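One structure is given below, encoded as structure tokens.
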Amino acid sequence: MASTLARFTAQVHAVLTSPEPRPGLHPIPGSQPLTFGAAILPPLTYYVALLLLAPPPPPLVDSIYVISIRNVLALAAGILFFRLPLAYHVPQSIGLTYQLGLVGLYGGCRVIDSFFISPYCFKHIPRRVKYVHKTRVETPAPEQPGTTKEWSDGGVREPYSHTDDPTAGKTTQLDSQPGCKPAQAKERRRSSLGADIARKMSDSIPDLAYDSYFAMQRTLNGPDPHPVLETATTESGWPRTLCDRASWALELELSMRGVGFTWTTADVRHTRKTWLPTVGNRVHSILVHTLPVLLASWFVIRTIYMRYLAAPICRSGLYDGERCDRELELFDKRLPLPIQLLLTGALGAFLMAAFSLGHSLFAIALSPLAPSPLAFFPPLYSTRIWDVTSVRKFWSYGWHRLFARLFLVYGVWPGEWIERKLTGKRNDEPADVGKVLGGFLSSAFVHSFSVRGVLGGSWSSAAGEAKFFVLNGLAVVVEGAVVRAVKRSRRRRGLDESMWYDGWVGRIWWLTVLLGSGRNFARGWVKSSLVREIAFR
């Protein structure tokens, strides 16, 4: 037994320390295996620079000497981040090498934004935000028309509301109370798709079965997060001590969405009605929702790989141009169209569940730090997937916004500026086309840059992810124009702007766009052997 354990330990050590790229990994020629020093130096340099970036007091940090030192440190950190995926790879993992590209590009862009773009172009250094959460009812009374924008409540209805019960759809004491309008009683009920179907079923099934259905629904939903009304105020005169500065720097460096600071991303900043998930809620979500989706999608991915794609590929650690291209084009050669779409959907579900799992695990691990911003994890997805009715809503509310600040600074703002210059629009006029295309083009570059790191540095081989995001950007622009034209046509004919079937048409549309364009994304992941690694081959 001891000898077997020793051999196993020796094999694991040999795999982890081997400089040879694993089969299927094609690192950039000339790059070296990642070392601990190379991995830790960029974030450490960035952190030291952040210690000098925090706004005063003391006044010393505003001196020209301190500003010069912090800018030199920031410039060094940015260069180290950008160099990371170009000079190094992780020989043991294709996925980690891909992530190295994301980390390097994101880190470098974040440093440039924090130390140069924000302070010098916008005269703004992020200040910490203090959150105050007050308990609220799950479904507050509807506000007056025209007083809110779509994003003021996250753009969606209450995703965690479970006010439907076995008596829903039937006359209740609440409904029959004097002065209680039917619309008000109806507003207290959950309006999601599943609940609507359940209410329609209530008249055609026995009470016992109806009660059992809702009991099962409550079991699956588990404990709800705590509904709160959030108020955020900027803290002034902070940080004061060295310890405060160390906390400020750590919180800003770790907060991808800017949670706890004045440049919080829109999905958090615009959502006053939010939820504070409990540890029990996170654990239940992992066990009942996230893990089943993760395992089911992984099973589909592995099954497709083993049946269709498990063939010899270019085994050399070095990318060998056209010969490897021919060997790696397995997606179109081996997979029928229905299987391509199935693999695309499975990869999307796998990634969504994996992000959710990581988000929940970090939230659980850091929950003892509350009320520190490090323990504040707002919902990663602000709506359930079946409530999405357009491509725009999918990317706005149905997908994570971890890279939102990067796309805003390097895509959305330049895109808006270009549109205004080309069309002569004023600064106070919306430039939605430039905003959308700029955001998606920046996303296309970020993801293509990362995947090329596992494809021998070939931009042409990494074009699949770029096509995916560009096509989605164009789809958002097209759908916006179509929606506006349809509404104008309905108004001219004296009809309501919204019809009962719009939601279903929207669901079919966004699923078609995501699966159709997503084939480019899946093709790149097959070519780069990321699908192979997910399948544990």
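Per-structure values
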| item | result |
| --- | --- |
| Segment 349-372, subset in contact with a helix residue (DSSP H, G or I) (Cβ under 7 Å, 6 or more places away or on another chain) and open to solvent by less than 30 Å² (accessible area, probe 1.4 Å), residue nearest to Gly518 (Cα to Cα) | Ala353 |
| Any chance Leu402 is under 27 Å from Ser31 (Cα atoms), in contact (Cβ under 8 Å) with a residue 24 or more places away in the chain, touching a Lys or Arg at 6+ places or on another chain (Cβ under 9 Å) and open to solvent by less than 50 Å² (accessible area, probe 1.4 Å) | no |
| Within segment 374-407, tally of residues that are out of contact with any Asp or Glu (no Cβ under 9 Å at 6 or more places or on another chain) and either in a helix (DSSP H, G or I) or at pLDDT 90 or above (or both) | 11 |
| Members of segment 110-140 found to be open to solvent by 20 Å² or more (accessible area, probe 1.4 Å) and touching a helix residue (DSSP H, G or I) at 6+ places or on another chain (Cβ under 7 Å), listed by number | Ile112, Ile117, His124, Ile125, Arg128, Thr139 |
| Considering residues of segment 10-33 that are open to solvent by 60 Å² or more (accessible area, probe 1.4 Å) and in a loop (DSSP other than H, G, I, E, B) only, the residue modelled with the lowest pLDDT | Pro19 |
| Matching residues in segment 423-456 - criterion: being in a helix (DSSP H, G or I), over 30 Å from Gly95 (Cα atoms) and either in contact (Cβ under 8 Å) with a residue 12 or more places away in the chain or in contact with a Phe, Trp or Tyr (Cβ under 7 Å, 6 or more places away or on another chain) (or both) | Asp432, Val433, Gly434, Lys435 |
| All positions within segment 456-511 that are hydroxyl-bearing (Ser, Thr, Tyr) and in contact with a Leu (Cβ under 7 Å, 6 or more places away or on another chain) | Ser461 |
| Residues of segment 76-97 satisfying the condition of being open to solvent by 10 Å² or more (accessible area, probe 1.4 Å), under 16 Å from Gly24 (Cβ atoms), in contact with a Leu (Cβ under 7 Å, 6 or more places away or on another chain) and part of a helix (DSSP H, G or I) | Gly95 |
| Top-ranked residue of segment 387-399 - restricted to ones that are open to solvent by 20 Å² or more (accessible area, probe 1.4 Å) and among the hydrophobic types (A, V, I, L, M, F, W, C), ranked as nearest to Ala475 (Cα to Cα) | Trp395 |
| Of all residues in segment 52-75 being open to solvent by less than 40 Å² (accessible area, probe 1.4 Å) and in a helix (DSSP H, G or I), the one that is modelled with the lowest pLDDT | Val61 |
| Hits in segment 414-433 (condition: buried (at least 21 other Cβ atoms within 10 Å of the Cβ) and in contact with a Ser or Thr (Cβ under 9 Å, 6 or more places away or on another chain)) | Gly415, Ala431 |
| From Gly415, Gly358, residue being within 28 Å of Trp509 (Cβ to Cβ) and either at pLDDT 95 or above or among the small types (Gly, Ala, Ser) (or both) | Gly415 |
| Of all residues in segment 488-510 being part of a helix (DSSP H, G or I) and among the basic types (Lys, Arg), the one that is surrounded by the most Cβ atoms within 10 Å (Cβ to Cβ) | Arg507 |
| Which listed residue is surrounded by fewer than 21 Cβ atoms within 10 Å (Cβ to Cβ) and among the hydrophobic types (A, V, I, L, M, F, W, C), from Val513, Val451, Val531, Val476 | Val513 |
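The values are calculated or read from the model by the stated rules, or taken from the named source; none is laboratory data. Please read these numbers as outputs of a predicted model, since none were measured by experiment. Note: ideal-geometry Cβ built from the backbone for every residue, glycine included; neighbour counts use all protein chains shown. Heads up: the accessible areas ignore ligands, DNA and RNA and are worked out on the full protein's heavy atoms, side chains in. Shrake-Rupley method; radii C 1.70, N 1.55, O 1.52, S 1.80 Å.
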